[in-house]
Amino acid sequence: MRRTTTTFEVLSILKKMALLLVVILGFSACQAVEEDYSGVTGIKAPAFTLFSTEGKQVHLFDYKDKVVVLFFFGNNCPKCKAEAPALEEMLVSPYANRQDYVVLGLDYWNGEPAAVKAFKDETGIDIPMLLDAGNVGSNYKTFYNRIVVIDKDKNIVFSGTQEASKDFAAAKAHVDNLLEN
């Protein structure tokens, strides 16, 4: 005698498959990508306008005559969270009293403001955090967990091609050079 599958059993199987897919996608969301996000330098930085977690509209060109460092992060990326304190130590704190320098955090994952605020609170990083920056990252030909350095004339002088922590020293060298001139 042949047994037929009930609608309930089919739905149960589909639910388990969907859960498995969510787990797999969630696990891979913070893994390295195979796409080529080669660093782009020597060009004008693409303009952007984003909102901060405080609801303030922020334009790149608000930072006229300032060196700008962009930290593209994923609001729930474990590696980004782990690297944020080192970013604070190497690229934020040493220049805290400079009026011609700013570091901006850009949420590449387009998370809700609460998720981005939680990232800031959890990491203790003290920089303006900007929302919905996935398209900005694409315009900069970069990805999350990356660093970009922009000079005072708004030219990209450094665009990291690896995890941010591996590029902090190179980014800092560029910043030091730009702030000496």
*Among the lysines, select those whose C-alpha is under 20 Å from the C-alpha of K66, and discard any that sit fewer than 8 residues away in the same chain.*
K44, K56, K152, K154, K172
*What Rg and what Dmax come out for the stretch 115-181 when only alpha-carbon atoms are used, in angstroms?*
13.1, 38
_All lysines inside 20 Å of K166 as judged from Cα atoms, apart from same-chain residues fewer than 8 positions distant_ = K79, K81, K141
*Which net charge results for the neighbourhood of G111, defined as the other residues with beta-carbon distances under 11 angstrom from its beta-carbon, given Lys and Arg at +1 and Asp and Glu at -1?*
-2
*Would you list which aspartates and glutamates come within 12 Å of K117, measuring only between C-alpha atoms, while excluding same-chain residues fewer than 8 positions from it?*
E54, D107, D126
*Amide H contacts under 5 Å for V67, placed H, 5+ residues apart*: Y101, V102
*Once both labels are modelled 7 Å past Cα along the beta-carbon direction, what's the N177-N155 spacing in nm?*
1.1
*Once you have a ≥ b ≥ c as the square roots of the Cα gyration tensor eigenvalues for the stretch 48-126, tell me rounded if a/c is under 1.5, and otherwise prolate or oblate according to whether a/b is larger than b/c.*
oblate
*Is the shape of the stretch 96-149 best called rounded, prolate or oblate, per the rule: a/c under 1.5 gives rounded, else a/b larger than b/c gives prolate, else oblate, with a ≥ b ≥ c the square roots of the Cα gyration tensor eigenvalues?*
oblate
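Quick note: the coordinates plus some simple rules give every number you see, no bench work behind them. None of the values given here were measured: they were computed from a predicted structure. Every residue, glycine as well, gets a Cβ built from its backbone with ideal geometry; the counts of neighbours run over all protein chains shown.
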